[in-house]
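Student: This is the structure, below, for whatever I ask next.
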Amino acid sequence: MGFTESEMKMKKSVLLNKLTPPKEKTRMEVSLEDALDLAGAGKYQVFHCALMLTTLSSAVIEMIGNAFILPAAACDLELPDTLKGILISMPNIGVILTAPFWGRAADNFGRKPVLLGSAAASGAIGFAAAFMPNLITFALCKFAASLFLACPSSLGWAYASELVPCRRRDLALLVINGFLTTSSTLSPLLAWGILPLNLPAAVNIRPWRLLTAAYAFPLLLVALWLTLAKESPKFLMTKGRQEQALAVLSHVYSVNTGAPSDMYPVTSIKKCGHRKDSSSEEGSSCELAPTPNNTTVWALLRPPHLKWLALSGFLMFGLFSLLNGLFLFAPDTINKVMQGAAEEEGTLCLLMNQSDNQTSSLTCVDSISENTFIIMAVTTAVYGAAVMAVSLLPISKKNLLVGMFLCVGVTCMLAGLLKNRTAAGVLMSALQITALGIGPLTAYAVQLFPTSLRGTAVGAVLMCGRLGSVIGASAAGALLAAACAATFHGFTALLFLCAALSLLLPGAQKSPPSAAQSEAEG
């Protein structure tokens, strides 16, 4: 049974009246956080968070993709084993060199244009690397692409949080982090689907080149998708562009509610101030990140902050030296072991250092076995799900870090000792469990320092992690071929040392007195 035109108009009028707040509440001046609350949490936030997750995932896939590209390209590029570590760590080198620049650029020019431009440039240069004729030009292209990769690999977190209301912000970031952990499964799956391809001779392109292009292509899609995103209202407010911020919020309100954008009840946003229901830092409607200066840096390098900076920085260094260092050699190492004859026995190091498994040998092998793909794809999915599940358990940060470092230390030790090649491969791929420690260590970096030093301290701790990525990958690349057993023993010792040092962190109910005192002094 249909409705008459007059009945339809009446229903529409009733609906609009329900959506319209009382007149005295319709026109108001509120803080930015209250304005976000009034815009709602719905369809637009789902769209925006999905876009940021895709951006972060695309950067992760590009960063770890070298672990699958280089074993397959070793013969074509005449790549010696000693240089693999440098090439695998190249994305992290680019991030270290350019991270401060991209952060400042995003604060000066906006989240959307900087993220769009950097993603497009990184994707385009990475795509071009697939067609470079030799090792030098390939390495130069990958390095140039890495200079733009720092932005899409980190800015997505801030951009996502700034368009989600405070009451939903933690949940949104938790969901993004969980899906980001499991998205790394796409890297071995893409390699599994592309590297075994038998391309026609007329195509005249090797599968590893196609894989290189496939890893870079999502960044180009992200850049295209970003054209539909709205700028961060927090950035717009810090630049004094209130009308544009209101336009963004009214658009979000319209998408979430289905009502016209001109029905958004806020007419003005307070330039500064705190929410009426909160005295916390999150209540600030226009708080800017503290700008590092000589006084701030000097304060971090003096007691009592120095010990916490050194402790958290070293733990982050150890974590990333495994996660973005030794673990990135798991595909190459497992592949070399699986290429051996079934009747051959020995430890992982004994099998991988046979002459047939060296790039410089006359029988260079650049194929990747199906067993390698199966081990990497299955274990990445299983360990990624485990990391997500454990992250949600009510375990203290301190216990989580100690348990994680001990668990990964044992698996690293057994991976170098077991003679069952499949078990050794599964255990080596378990090094990715170190991802479980990123959240707790970052939370400690926030907890251990007062507000006036927090931004600089967190940046310094994360920079220690990036440095660990470069040193860990370079050391693993050079030592796995020259002193394989010593490499596993060395990384195992580092993990056990990190577990012991984690015991020095304050417990769940304790806060370092130095931080509390400094907070009071500030």
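Just so it is clear, none of the values below were taken in a lab; they were calculated from the coordinates. Everything numeric in this text was worked out from a predicted model, so none of it was measured. For neighbour counting, all protein chains shown are included, and Cβ atoms are generated from backbone atoms with ideal geometry for every residue, glycine included.
Student: Using the Karplus equation 6.51 cos²θ - 1.76 cosθ + 1.60 (θ = phi - 60°), what ³J(HN,Hα) coupling, rounded to whole Hz, does each residue of segment 304-313 give in order, writing x for Gly and Pro?
Tutor: x, 6, 4, 5, 6, 5, 5, 5, 5, x
Student: Amide H neighbours of Ser268 under 5 Å, counting only residues 5+ apart in sequence or on other chains, H built in-plane at 1.01 Å?
Tutor: When sequence neighbours closer than 5 places are left aside, the close amide H contacts are Met28, Val30.
Student: Sticking with this structure for a sec: How far apart, in nanometres, would the label points at Ala485 and Ser396 be if each is projected 7 angstrom from Cα along the Cα-to-Cβ direction?
Tutor: 4.0 nm
Student: Could you give me the radius of gyration and the Dmax of segment 162-252, taking only the C-alpha atoms into account and expressing both in angstrom?
Tutor: 20.1, 59
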